[in-house]
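Just so it is clear, none of the values below were taken in a lab; they were calculated from the coordinates. Because the structure is predicted, anything quoted here is derived from the model rather than measured. Cβ sites come from the backbone with ideal geometry, for glycine too, and all protein chains shown count toward neighbours.
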């Protein structure tokens with residue numbers, strides 16, 4: 001006779017308590033695996049934050065009201081939320097633009113995928129207290145008019161010679177960097193600007209000049225000329241001035257809102273419009289400067305050539321800068337290139 005074991009035999013030759021233990025272990029393993037997957041669904045990798053301004057200031061010092069471009073980069077980043085530390089509303093997006101309106105030190109934090117964070121400290125100073133060299137305030141080091149008129153081209157030249165030049169307009173990122181011995185500007189609006197030139201990329205050879213842009217007096221002079229012409233009853237002047245008046249006044253009636261401009265660019269991506277559709281509103285036509293995605297400078301002609309009849313480009317926003325005649329002197333365009341799935 002076969003001896004009896006102390007366990008009651010069950011299917012597959014195992015006691016029911018062994019089966020119960022195996023089931024409990026399986027449940028615990030599944031729960032542990034689920035917890036691990038849930039907590040690793042958003043993996044925190046290194047978040048890289050870059051900050052750019054209109055010009056590369058030394059020691060990462062920026063100025064009040066200066067537009068700064070922030071960019072956060074992390075592998076598999078889906079969402080980015082920015083806290084600028086100055087009480088302003090939070091912003092979203094991998095790349096954003098922000099200006100601090102008071103001086104001080106600000107801790108800017110980027111939160112990626114709702115979990116991973118990285119911070120960078122931003123030092124903001126008033127322009128009048130910005131550290132400059134002893135000779136920077138000497139206006140004799142930059143030659144050019146102190147009070148140019150709106151819309152008039154003006155030239156500025158630095159004293160001395162150098163291997164390289166870098167001209168910028170502080171607090172005005174709309175003006176691109178110029179790298180010639182002299183810089184030419186056309187200011188679209190009245191106000192105060194500070195021109196800076198750096199020679200040989202040497203901070204010790206950095207000079208600044210404060211100028212005041214005056215409103216254009218061309219509009220005021222026109223009635224005076226007309227008034228003189230009428231009493232003298234000189235027919236030729238009115239005939240010559242009539243076309244000029246028509247050309248000057250016509251753009252004022254062609255004020256296209258930024259949203260409509262955006263719609264027109266969308267028409268370019270669909271092949272329905274081309275550069276000729278914008279001729280009546282652009283001051284310099286295809287040569288009009290365009291700031292693309294807050295970083296790259298192109299001409300309007302180059303932008304149109306790139307996006308024409310190409311639906312992969314999604315126009316996100318358009319901002320125009322106009323002169324007194326309401327024709328566009330500069331464009332700020334943000335677009336996104338769609339992926340393989342149209343996203």
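Observations on the structure shown:
- Percent of Cα-Cα distances greater than 19 Å, calculated over the range 252-337: 27
- Two-site label geometry, residue 192 and residue 86: point separation in nm, points 7 Å out along Cα→Cβ: 1.9
- Distance (nanometres) between label positions extended 7 Å along Cα→Cβ at residue 94 and residue 293: 0.8
- Cβ crowding within 10 Å averaged over residues, with 153-161, 92-100 ranked highest first: 92-100, 153-161
- Gain upon complete extension [residue 311, residue 338; 0.36 nm per residue less C-alpha separation]: 8.9 nm
- Calculated FRET value between residue 52 and residue 22, using beta carbons and R₀ = 51 Å, to 0.05: 0.25
- Note on residue 184/residue 78: beta-carbon distance plugged into 1/(1 + (r/R0)^6) with R0 of 41 Å gives a FRET efficiency of 0.40.
- Cα gyration tensor of the range 48-129 - equivalent ellipsoid semi-axes, whole Å, descending: 23, 13, 10
- Fewest-first ranking of 331, 28, using other Cβ atoms within 10 Å as the exposure measure: 28, 331
- Available extension along the chain between residue 177 and residue 214 is 11.0 nm, counting 0.36 nm per residue and deducting the alpha carbon span.
- Between residue 44 and residue 61, the distance separating the two model label sites (each 7 Å from Cα on the Cα→Cβ line) works out to 3.4 nm.
- FRET efficiency, residue 200 to residue 263 (Cβ-Cβ, R0 51 Å, nearest 0.05): 0.65
- Here the range 273-328 and the range 144-199 have alpha carbon centers that stand 24 Å from each other.
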